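So the structure is just underneath, and the comments pick up after that.
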Amino acid sequence: MLRRPSVAGTWYPDDPARLVAEVEGYLGRVEVDGITRPLRAVVAPHAGLMYSGPVAAYAYTLARRSGCSSIVLVGPSHFGPFHGVSIWPEGAWATPLGAVTIDRSLAEALKAESPDIVELPEAHGREHSLEMQLPFVAHLFPGVPIVPLVMGRQSRDTAFALGGALARAVAARAPDALLVASSDLSHYEDAATAQALDETVIRHVESMDPSGLMDRLEAEPRHACGGGPIVAVLDAAGRLGATEARLLQYADSGDVSGDKSSVVGYMAAAIW
């Protein structure tokens, strides 16, 4: 099972040298101090690399320092609602930097932990939320396998069922696995409105409060396109012993485009 790139050459360079140069350019601008413990999880955005890359680089800089044996990617579905969470259970995902293999053992453990985790390959076909993590994953973690998970309808039941399944499977099969919640924040608001909406998400993440974040998402879905994945990863991280979280970087698309009248918000956060 080989999943081929959907947005290489459009959302990010499909030439390996150009892609590495762009990723290294973003990483070279990052300055993060004060976190010395290994990370359990990160939150990273998934827009086109020129927009989200400068923010995602903060999360992956710290993740690289921590090291891990496996990476679990959790993102939203942008192209069709379905019940549960679609897993890519085996094989590899192709990238311009080479194939990234699937951690089959961890994937099987996850499937066994929840009936909500199902195989729907079509949910991954055009989906960019996980693919946009791969320029950093393939470059910074060569040889480290992944488990891709795309969430359909981001209901409370699905988010917390996934959080519990992640915690149990990781504890049993890959105790040092890194969890990645892939999410952009508010969409197409003016910058001031976006920041007000986004600060709510940031506050709940930094408070390690997945239940409170789920309350806000149910009341106002504009907060984040991947709110469910953030809730699931926060919940799993807490079950696995994480007690702290910190915003590493916040920006919006207007910082790149210059248009602050209609922006998308981006955050990078660390959880340990």
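Helix-only arithmetic for the chain: the sum of -39500 (n - 2.57) across DSSP H runs with n ≥ 4, divided by the residue total, places the mean residue ellipticity at 222 nm at -12500 deg cm²/dmol.
Each other residue within a Cβ distance under 12 Å of R37 adds +1 if Lys or Arg and -1 if Asp or Glu, for a net charge of +2. Taking the Cα centre of the chain as origin and assigning +1 to Lys and Arg Cβ atoms and -1 to Asp and Glu Cβ atoms, the resulting dipole is close to 620 debye.
Can you classify segment 157-272 as rounded, prolate or oblate using the Cα gyration tensor, where a ≥ b ≥ c are the square roots of its eigenvalues, rounded means a/c under 1.5, and otherwise it's prolate if a/b beats b/c and oblate if not? Taking the square roots of the gyration eigenvalues as a ≥ b ≥ c, segment 157-272 is prolate. The eigenvalues of the Cα gyration tensor, multiplied by 5 and square-rooted, give segment 1-73 an equivalent ellipsoid with semi-axes of 23, 16, 11 Å from largest to smallest.
Using equal-weight Cα scatterers in the Debye expression, the normalised intensity of segment 100-188 in log10 at q = 0.14, 0.21, 0.22 Å⁻¹ is -0.54, -1.24, -1.34. The mean sequence separation of alpha-carbon pairs under 8 Å and at least six residues apart, normalised by the residue count of the chain, gives a relative contact order of 26 percent.
Taking all protein chains as present, what is the carbon and sulfur share of the accessible area of the chain, in % to the nearest whole number, probe 1.4 Å? Mind showing how you got there, number by number?
Values: 5050 of 10310 Å².
Here carbon and sulfur together make up 49 percent of the probe-accessible area.
Charges at C-beta only: +1 for Lys and Arg, -1 for Asp and Glu. How large is the resulting dipole of segment 65-177 about its Cα centre, in Debye rounded to 20? Mind showing how you got there, number by number?
Values: 8 positive and 11 negative charges, 45 e Å.
Roughly 220 debye, rounded to the nearest 20.
Applying 1/(1 + (r/R0)^6) with R0 = 25 Å to the Cβ-Cβ distance of R126 and R222 gives a FRET efficiency near 0.60.
The length gained by stretching the chain between R104 and S262 to full extension, at 0.36 nm per residue less their Cα-Cα distance, is 52.8 nm. Each label point was placed 7 Å from the Cα along the Cα-to-Cβ direction; for V32 and A92 their separation is 2.8 nm.
The antiparallel fraction among DSSP beta bridges confined to the chain stands at about 45%. Each peptide among 207-213, 13-19, 264-270 gets the average number of other Cβ atoms lying within 10 Å of its residues, and from highest to lowest they stand as 264-270, 207-213, 13-19.
Taking square-rooted eigenvalues a ≥ b ≥ c of the alpha carbon gyration tensor, is the chain rounded, prolate or oblate, where a/c under 1.5 means rounded and, failing that, a/b exceeding b/c means prolate? In terms of gyration-tensor shape, rounded.
Would you work out if segment 212-256 is rounded, prolate or oblate? Take a ≥ b ≥ c from the square roots of the eigenvalues of the alpha-carbon gyration tensor; rounded if a/c is under 1.5, else prolate when a/b is larger than b/c, oblate otherwise. It comes out oblate by the Cα gyration axes.
Using the average count of surrounding beta-carbon atoms within 10 Å as a protection proxy, the listed peptides 136-146, 223-233, 176-186 rank, highest first, as 223-233, 176-186, 136-146. Each label point was placed 7 Å from the Cα along the Cα-to-Cβ direction; for A172 and D190 their separation is 5.3 nm.
The modelled label-to-label distance for the pair S155/E244, using points 7 Å beyond Cα in the direction of Cβ, is 3.8 nm. Packing here is the average count of other Cβ atoms within 10 Å per residue, and on that basis the peptides 76-83, 40-47, highest first, run 40-47, 76-83.
Rolling a 1.4 Å probe over the heavy atoms of the protein chains gives segment 87-233 an accessible area of 35 Å² per residue.
The values are calculated or read from the model by the stated rules, or taken from the named source; none is laboratory data. Just so we're clear, the structure is a prediction, and the values are computed from it rather than from any experiment. Cβ: placed from backbone, ideal geometry, glycine included. Neighbour counts: every protein chain shown. What goes into the accessible areas is simple: the full protein's heavy atoms, side chains included, and nothing from ligands, DNA or RNA. Shrake-Rupley method; radii C 1.70, N 1.55, O 1.52, S 1.80 Å.
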